[in-house]
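Since the structure comes first, as structure tokens, the remarks are kept for the end.
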Amino acid sequence: MSPMRACAMRFQAANFGVTLLFVGCIVATMQLIGRKPIRLTDASDSLNNRVEKSVAVTERCCDEADPTKVLPQAPRNENNLKDTNAEILRLVQIIFKEHLGTVKIFENGSDRGITAQKRTNRDVPQVDSPKTNCSLKLKSPTKRLGIDIVGTGSYKDDANSSKDLVEVMRAFKGTWRENKDLSSQIKHELTECCDVESSVLTKQNVKVGDVLPNVLNRKMPLKISRDVYRVLPKESPFRNKHFQTCAVVGNSGILRGSRCGASIDGAEAVFRCNLPPLGKQIYRKDAGVKSTFTTAPLSMLKSYMQMKDKSVREKFIKDVEPYRGILSLKKPNNYTNYMISSVESTMGNSLEAVYEHPNHFLCIDNYWSNHGLPRKITSGIYIISMALTVCDEVNVYGFWPFPRDDKGHKVHYHYYKAPVFVMDTHDMPSEFLLIRQMHQDGVIKVHMHCLHNIAKRSAGKKKARLHL
């Protein structure tokens with residue numbers, strides 16, 4: 001082969017190298033306007049080295065008349081040149097393919113940030129996780145799931161509402177199937193961040209003089225005084241506790257006529273909130289009477305503020321006598337110390353009054369905040385979360401935040417007669433949609449009515465009698 005022909009072939013190879021450099025300039029320009037740098041593979045790096053050597057050979061060839069001074073690394077035949085050209089073309093295709101793939105990822109990805117490393121079209125973009133150590137995969141409860149929610153927490157009660165509520169209620173009428181993997185994942189996450197044993201103030205987790213956050217008023221922290229410390233238990237009443245079946249009971253008027261009392265009382269443990277009237281037999285068929293854990297907010301205890309009076313103490317003990325297990329008071333106070341002492345001295349074998357640990361509540365509140373709830377959680381979500389950490393199976397009753405049901409019938413705020421305390425600190429519709437989503441995902445089982453369960457049991461008993 002003549003020296004001039006060899007020089008021309010090397011110049012052709014250099015053109016491919018220049019093309020490659022031009023593509024690199026385009027990629028670099030795109031990177032300057034926000035694209036993440038793309039790293040070439042080791043093979044391409046070695047190819048760049050060979051292209052640079054080829055360019056150096058071409059310059060020497062063209063500048064010098066003596067062909068004997070051509071460097072030995074230059075390609076010596078057409079086969080080598082074809083291989084080099086093919087490798088350059090392959091590299092150019094990889095660059096364009098990867099760059100276009102990166103652009104596609106940014107266009108289709110979340111605004112929260114995507115790791116745009118080298119991908120193929122089959123790769124799934126990795127969205128930044130929430131600022132928590134949890135990896136819950138539930139859908140956002142604030143999305144519209146067949147219900148018309150106006151603003152945060154209000155319900156639009158118009159002619160179309162009943163149609164929307166039919167769709168919401170339909171989720172609870174189909175066959176429910178447990179998702180053991182997701183259920184175990186959520187239970188593990190809640191246990192890791194919010195262990196139920198730490199839900200109670202004890203002599204082990206606080207000391208005199210400690211200052212704790214006030215869940216009700218962040219501007220007025222709580223200080224553990226000697227009087228408060230004196231009534232604290234030595235250890236958590238949840239220590240080494242675990243239950244197979246649990247019922248979590250809300251206080252919505254949807255419980256009226258549900259006939260869920262027997263199903264609730266059949267659970268191994270029953271979680272309740274806000275001191276419902278367990279002593280009244282009129283509610284027994286719908287709400288049951290069994291209790292294992294019950295929250296007691298200060299708003300429900302204000303009528304007992306004069307606990308120093310014997311008559312007030314006796315009334316308080318009479319009113320809480322139907323409760324069993326644990327009675328959790330929201331925050332320490334002068335009269336609540338008397339309540340704990342009175343319960344211990346008169347009902348120590350059946351009921352234990354304790355203080356809720358604010359850090360535990362805030363931990364669970366933060367957990368759900370990281371998963372879509374826009375406002376501070378209610379006691380309902382709190383006890384559901386607690387039950388998930390100590391129960392194998394969680395059944396939920398009495399949750400419905402809307403003033404009408406799916407048939408358009410009015411639903412009272414409570415299933416019993418009581419003052420209605422409505423504060424603008426919660427988003428109850430969004431919480432309910434979260435409960436609905438967990439039901440659909442097989443994490444908890446929500447019961448709106450239990451008449452079908454009674455019918456099934458009656459049919460079973462009738463069938464058994466016929467066989468006899």
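Using the Karplus equation 6.51 cos²θ - 1.76 cosθ + 1.60 (θ = phi - 60°), what ³J(HN,Hα) coupling, rounded to whole Hz, does each residue of region 261-272 give in order, writing x for Gly and Pro?
Each residue of region 261-272 in turn: x, 5, 5, 5, 5, x, 6, 5, 9, 10, 9, 10 Hz.
If amide hydrogens are placed 1.01 Å from N in the peptide plane, which non-local residues have theirs closer than 5 Å to the one on F243?
It is C391, D392, by chain and number.
Determine the alpha carbon to alpha carbon distance for each of K290/K410; K285/K417; K280/K410; K173/K445 and list only those over 18 Å.
Listed pairs above 18 Å: K290/K410; K280/K410.
Multiply the residue separation of Y413 and D195 by 0.36 nm, subtract the distance between their alpha-carbon atoms, and state the gained length in nm to one decimal.
Computed gain between Y413 and D195 is 75.3 nm.
Taking H as built 1.01 Å from N, whose amide H comes closer than 5 Å to the amide H of V446, not counting residues under 5 places away?
Those qualifying (amide H under 5 Å, at least 5 residues apart or on another chain) are V396.
Applying 1/(1 + (r/R0)^6) with R0 = 30 Å to the Cβ-Cβ distance of H188 and K315, what FRET efficiency is obtained, to the nearest 0.05?
Efficiency for this residue pair is about 0.10.
Evaluate the distance, in nm, between pseudo-label points positioned 7 Å from the Cα of R404 and of D392 along their respective Cα→Cβ axes.
Placing both labels 7 Å along Cα→Cβ, they lie 4.3 nm apart.
Across region 325-336, in residue order, what do the Karplus-derived ³J(HN,Hα) couplings come to in whole Hz, using 6.51 cos²θ - 1.76 cosθ + 1.60 with θ = phi - 60° and x for Gly and Pro?
For region 325-336, the Karplus curve yields x, 10, 10, 9, 8, 5, 7, x, 7, 4, 6, 6 Hz.
Once you have a ≥ b ≥ c as the square roots of the Cα gyration tensor eigenvalues for region 189-327, tell me rounded if a/c is under 1.5, and otherwise prolate or oblate according to whether a/b is larger than b/c.
Verdict is oblate for region 189-327.
Suppose a student asked you for the relative contact order of region 311-443, using Cα pairs under 8 Å spaced at least 6 residues apart; what percent would you report?
In percent, rounded to a whole number, it is 19.
Determine, for R226, R259, the number of other Cβ atoms within 10 Å of each Cβ, and report the residues in order from fewest to most.
Arranged by neighbour count, lowest to highest, R226, R259 become R226, R259.
Using the Karplus equation 6.51 cos²θ - 1.76 cosθ + 1.60 (θ = phi - 60°), what ³J(HN,Hα) coupling, rounded to whole Hz, does each residue of region 179-195 give in order, writing x for Gly and Pro?
9, 5, 5, 5, 4, 5, 5, 5, 4, 5, 5, 5, 5, 5, 8, 9, 4
Can you figure out the FRET efficiency of K219 with N359, using R₀ = 22 Å and their beta-carbon distance, to the nearest 0.05?
Between K219 and N359 the formula returns 0.80.
Please list the non-local residues whose amide H lies under 5 Å from the amide H of L212, H modeled 1.01 Å from N, same-chain partners needing a gap of 5 or more.
L222, K223, I224
Calculate, for S303 and S350, the FRET efficiency according to 1/(1 + (r/R0)^6) with r their C-beta to C-beta distance and R0 25 Å; round to the nearest 0.05.
The formula returns an efficiency of 0.65 here.
Sorted from fewest to most neighbouring beta carbons within 10 Å, what does the list K290, K315, K219, K207 look like?
So the ranking, lowest neighbour count to highest, is K219, K207, K315, K290.
So how much slack lies between V208 and K234, counting 0.36 nm per residue of separation and subtracting their Cα-Cα distance, in nm?
The V208-K234 span can extend by a further 8.0 nm.
Bear in mind these aren't lab numbers, they're just calculated from the coordinates by the rules spelled out. Keep in mind it's a predicted model, so treat the numbers as computed, not measured. In this analysis, Cβ positions are derived from the backbone assuming ideal geometry, glycine residues included, and neighbour counts consider all displayed protein chains.
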